[in-house]
Amino acid sequence: MSLLTQTGIASLQLCFYGAGSMAEAIVRGLINEKLVEPKRISMLNRQNAERLTELNERYGVQTIVQGLNNEVYLRDADIIFLAMKPKDAAEAIASIKPLTSPKQLFISVIAGLSISAIEQLLGGKASVVRAMPNTSSTIGLGATGISYSENVTPQQRLLTEAIFSSVGINAVVDESLQQAVTGVSGSGPAYVYYFMESMIASAIQLGLSEEAAKELVTQTVLGAAEMVRYTGEEPAELRRKVTSPNGTTQAALEVMAENSFSETIIKAVKRSAERAGELGAAIERSITE
């Protein structure tokens, strides 16, 4: 309740331009944490009325299905979340420019799109937050990197951090590090799932049932992550503690090292970060063309 009191978020109008899984995750967090009543949240998309009906029925949020048009929701919003697909971002943001005002806070969860590009599309300096959540936000265990434009006020910072705290943890970083955040935590869940897929496949090859393999791998990954969090120890130290000389774990780790496991992960994370930059550059080129 302290965050609720500090930010005054309960009295604000929030509008989500984009109604995909990330927008839904944030909405769920806000409602579950009782930061905002559903009637103060509106969700928009271009043409999928079925999706909007589903969101209204599930959460009680407002959509065009309830009678008001998108223009009203956008004009009345104190906070506008930019949650459309990257390929649609430039056109969509430019289209709302006539409906916006200097008092509004814009929170973008569009991968790669810079604060300066958003300001350009909105027609000048604005209060813009660039955020990179990940899909674990859907269960309240997200990790979000947050960067602010110079126009964002201390109050708006509190609001932003309260919002993303409702779906997990967040870290405020310089915007130059947003590509790194994308490479590490934005895309990170997929790396873990890929690793889990391989462990499950090997367990099945060794004779375990698919159900048992999945349960054992899931609990192993969950337990390992929780050990890092609970003990506060470095992963390298925990790894050493479970690696007996000439034992089974060492044998497995030697195979991973021989096949450049660590180097592959490092290269993959760097490539994800580079790709985020490429996507952002492509959007920005489309603005100037």
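Exposure proxy check: S209, S127 ranked by fewest other beta carbons within 10 Å? Kindly include the intermediate steps, with their values, before the conclusion.
Numbers: S209 10, S127 21.
Placing the least packed residue first, the sequence is S209, S127.
On a 0 to 90 degree scale, rounded to 10, what angle separates helix 154-165 from the longest Cα axis of the chain?
50 degrees
Which Cα, out of G124, G168, I110, lies furthest along the positive dipole direction of region 89-209 (beta carbon charges, K/R +1, D/E -1)?
The residue sitting farthest along the positive end of the dipole is G124.
Tell me the angle of helix 86-96 to the major Cα principal axis of the chain, expressed in degrees between 0 and 90 and rounded to the nearest ten.
Value to nearest ten degrees: 20.
Within region 32-141, which trypsin sites (Lys or Arg not before Pro) sit in a loop by DSSP and count at most 14 neighbouring Cβ atoms inside 10 Å? Walk me through the numbers before you get to the answer.
Working: sites: K34, K39, R40, R46, R51, R58, R75, K87, K103, K125, R130; in loops: K34, R46, K103, K125.
Within region 32-141, the qualifying trypsin sites (Lys or Arg not before Pro) (loop, at most 14 other Cβ atoms within 10 Å) are K34, R46, K103, K125.
Calculated from the structure, percent of Cα pairs over 28 Å apart equals which of (1) 37; (2) 45; (3) 49?
Correct label is (2).
I'd like to know which of Q205, Y194, Q219 lies farthest towards the positive end of the charge dipole of region 188-270, counting +1 on Cβ of Lys and Arg and -1 on Cβ of Asp and Glu.
Farthest towards the positive end: Y194.
Any chance you could give the angle, 0 to 90 degrees and rounded to 10, that helix 188-205 forms with the longest Cα principal axis of the chain?
Rounded to the nearest ten degrees, it is 40.
Each reported figure results from applying straightforward, stated rules to the coordinates on display, with no laboratory input. Please read these numbers as outputs of a predicted model, since none were measured by experiment. Here Cβ is always computed from backbone atoms with ideal geometry, including for glycine, and neighbour counts include all displayed protein chains.
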